[in-house]
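Enquirer: Take this structure first; my questions come after.
The values are calculated or read from the model by the stated rules, or taken from the named source; none is laboratory data. Quick caveat: nothing in here was measured; it's all calculated off a predicted structure. In case anyone asks, the SASA skips ligands and DNA or RNA and just uses the protein heavy atoms, side chains included. Shrake-Rupley method; radii C 1.70, N 1.55, O 1.52, S 1.80 Å.
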Amino acid sequence: MSPRQADTKPSPGKGGKAAEDMPDIDLDDDETVDEIVVPSGPDLPFTAIDWTAHAGDADGMVGAEVIQTLVKRLPNAPGVYRMMNAAGDVLYVGKARSLKKRVTNYAQGRFHTNRIGKMVRETATMEFVVTRTEIEALLLEANLIKRLRPRFNVLMRDDKSFPYIMLTSDHAAPGIYKHRGARSRKGGDYFGPFASAQAVGRTINSLQRAFLLRSCTDSFFENRTRPCLLFQIKRCAAPCTGEISPEGYAELVGEAKDFLSGRSQKVKTEISGQMQHAAEELDFERAAVYRDRLAALSHVQSHQGINPQTIDEADVFAIHQEGGQTGIQVFFFRTGQNWGNRAYFPKADSSLEAAEVLGSFLAQFYDDKPCPRAILLSHPVEEQELLAEALSTRAGHKVAISVPQRGEKKDIVDHAVQNAREALGRRLAETSTQARLLDGFAQTFGLEKPPVRIEVYDNSHIMGTNAVGGMVVAGPEGFVKNQYRKFNIRSTDITPGDDFGMMREVMTRRFSRLLKEHGGDQPEAEEVEDAGAFPAWPDVILIDGGQGQMTAVRAMLGELGIEDRVVAIGVAKGQDREAGRERFFVRGKGSFSLPVRDPVLYFVQRLRDEAHRFAIGSHRARRKKEMVKNPLDEIGGIGPSRKRALLLAFGTAKAVSRAAVDDLMAVEGISESIARLVYNHFHDNG
């Protein structure tokens, strides 16, 4: 069959060139070309061709054979390849300057490590994405790794967005807030990133004492008739009630911006001068206010630790490998100030060198985060110049990556290395302790081997209202928080406060979905250990309850036909609900207790307490949401935009309920049909 030229080309991507710049690809009739769709993360600044080579004569082949068949059709062009097993799971995502040359190396089967050899043997098919340049291939590789999480790639374990401090700009009296996630369309000034929400909270508290900025919501601000408690404790200037003039408050906002922008010395000098002037005029009360503001600024800087003179904007990455694990410490410096540090422990094969792990980690780290102008590393990474070009392309400004050799920058990197070493040491110690506890857990409850996944369940409600079931997960490395789940109790047949019925609903929904999504699939212990995969099926489930809850759970497991696949253990509080006197219920055994100082007992108590904390937190969040629920939320067809427009026009939902149809139609975005819908909703119920 003669090859044909692809006659369909994708349109230009965001910020990218036309698809006519793509390399030409010769295809057989059994191959396909589609535009790539990357549904998660920020838009990539280019368009690529997603080419899946479905070669008919490769059906049934696996390993090097299928790769040898597919490599014949590959172009000598940059791109990204995906290796997949027979079940369709992505094993590995890689990028190449030349797809043909890179994949040929896998087909030849030479110089393979055990990891690569195992990956090649499991490969049943491959998919390819052709890009214009190697830079685009690197960006796309990082995006796909984060989205698909292949077993054999280096993976970030903690991918939370970073918190920022936000000073609003859409109000006459700007406020200061903690912000996480997408930036508001209303604008504002953002300062950060900070390493943790706690660091942001501490900084905002100190900045409130230093600059007396408000932190209340706009609706709270508009409805004040007298100053709130924050004014009394000198953490707000109370612009809501005119305790400070608009001009005076604007000066405070300007000083706060200067301080957060790195001009801290200028701000401290001005405040010090104002304090001196007030003292000379014998206005000691006003001088004391300036003194307290200076103390608050010093408190902020004392918590920042290192504040370098030669670094204005940079992120510092230090890597340390030990015991087959990797620790990476990241320090954030903005406007010459240290905004904290965070430790990461990526999943990486123990055979990988630090340069390869750190390079892959960097590409994934900045896939959805703003990149500073400078990145300082403890180790040189593979393709460092290419990575710098790729990050510059995404950030829209030049990004320099370097490994300092001397001076203050070298000292800061060395400090980060020490932190990485200590953090990894603590993690190794915790992992070792966790392994011993799991061994003891298996012996105590008669398990054949230590459990890899333990699920713990608990319910929370107040007299049956806003009932929530919580599930927490623990494994060899401690709690696995990205596996936590909450279940809003939906059944109307359950009597309010019926814990047995609630637990039955939670467990039925959990395991019915597990059977639907995973069936009988469960990775072998060896596979879990080699690839770092975390099993979907639990080995053990812990139920916070006694014989009654266990009877309901076992009946449910029996109905689903999985009673022999999962070990269910009930944990009942002891006499007088005193910790240390818990009774345990396991099938085939009578109830029993553990010695008061048994480490396994402490371990189970910690698991139960975490489930209790999570369930209560979920219940409180649901209850709070119900308490602030707006009557407009109950009207079908009224989304956030129309709700906002109605509230801006009428002020409150109560005023909306009193409005006539003509008044409702006068609001932008409200048609006659929507206006009648709103009017009828309130009058039919009223």
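Enquirer: Which cross-chain or sequence-distant (5 or more) residues have an amide H under 5 Å from the amide H of Val399, H modelled 1.01 Å from N in plane?
Expert: Counting only residues 5 or more places away or on other chains, the set is Ser392.
Enquirer: Any idea of Thr444's accessible area? Nearest 10 Å², probe 1.4 Å.
Expert: Accessible area of Thr444: about 40 Å².
Enquirer: Another question about this same structure. Counting only protein chains, not ligands or nucleic acids, how are Arg554, Arg421 ordered by accessible area (probe 1.4 Å), most first?
Expert: Arg421, Arg554
Enquirer: As a quick test, which of the pairs Lys100/Lys347; Lys178/Lys234; Lys268/Lys398; Lys369/Lys481; Lys268/Lys369 have an alpha carbon distance above 26 angstrom in this structure?
Expert: Distance filter (> 26 Å) returns Lys100/Lys347; Lys268/Lys398; Lys268/Lys369.
Enquirer: Still on this model: Mind jotting down the distance between the C-alpha centroids of region 176-229 and region 647-673, whole Å?
Expert: Distance between centres, Cα-based: 31 Å.
Enquirer: Using a 1.4 angstrom probe on the protein heavy atoms only, line up Arg510, Arg581 by accessible area, largest first. Walk me through the intermediate numbers first.
Expert: Numbers: Arg510 35, Arg581 110 Å².
My answer, sorted largest first, is Arg581, Arg510.
Enquirer: Just how much of Glu477 is accessible, in Å², when a 1.4 Å probe is used and the result is rounded to the nearest 10?
Expert: 80
Enquirer: Mind running the shape call on region 156-204? Use the C-alpha gyration tensor, a ≥ b ≥ c as the square roots of the eigenvalues: rounded below 1.5 for a/c, prolate if a/b tops b/c, oblate otherwise.
Expert: Since a/c reaches 1.5 but b/c is at least a/b, the shape of region 156-204 is classed as oblate.
Enquirer: While we're on this one: Put Met84, Met550 in order of accessible area, largest first, 1.4 Å probe: what do you get?
Expert: Met84, Met550
Enquirer: So how exposed is Asp499, as accessible area in Å² (1.4 Å probe, rounded to 10)?
Expert: 60
Enquirer: Limiting things to C-alpha atoms, what are the Rg and the maximum Cα-Cα separation (Dmax) for region 595-686, in angstroms?
Expert: 22.8, 74
Enquirer: Next question. Which shape class applies to region 333-424: rounded if a/c is under 1.5, otherwise prolate when a/b exceeds b/c and oblate if not, where a ≥ b ≥ c are the square roots of the Cα gyration tensor eigenvalues?
Expert: rounded
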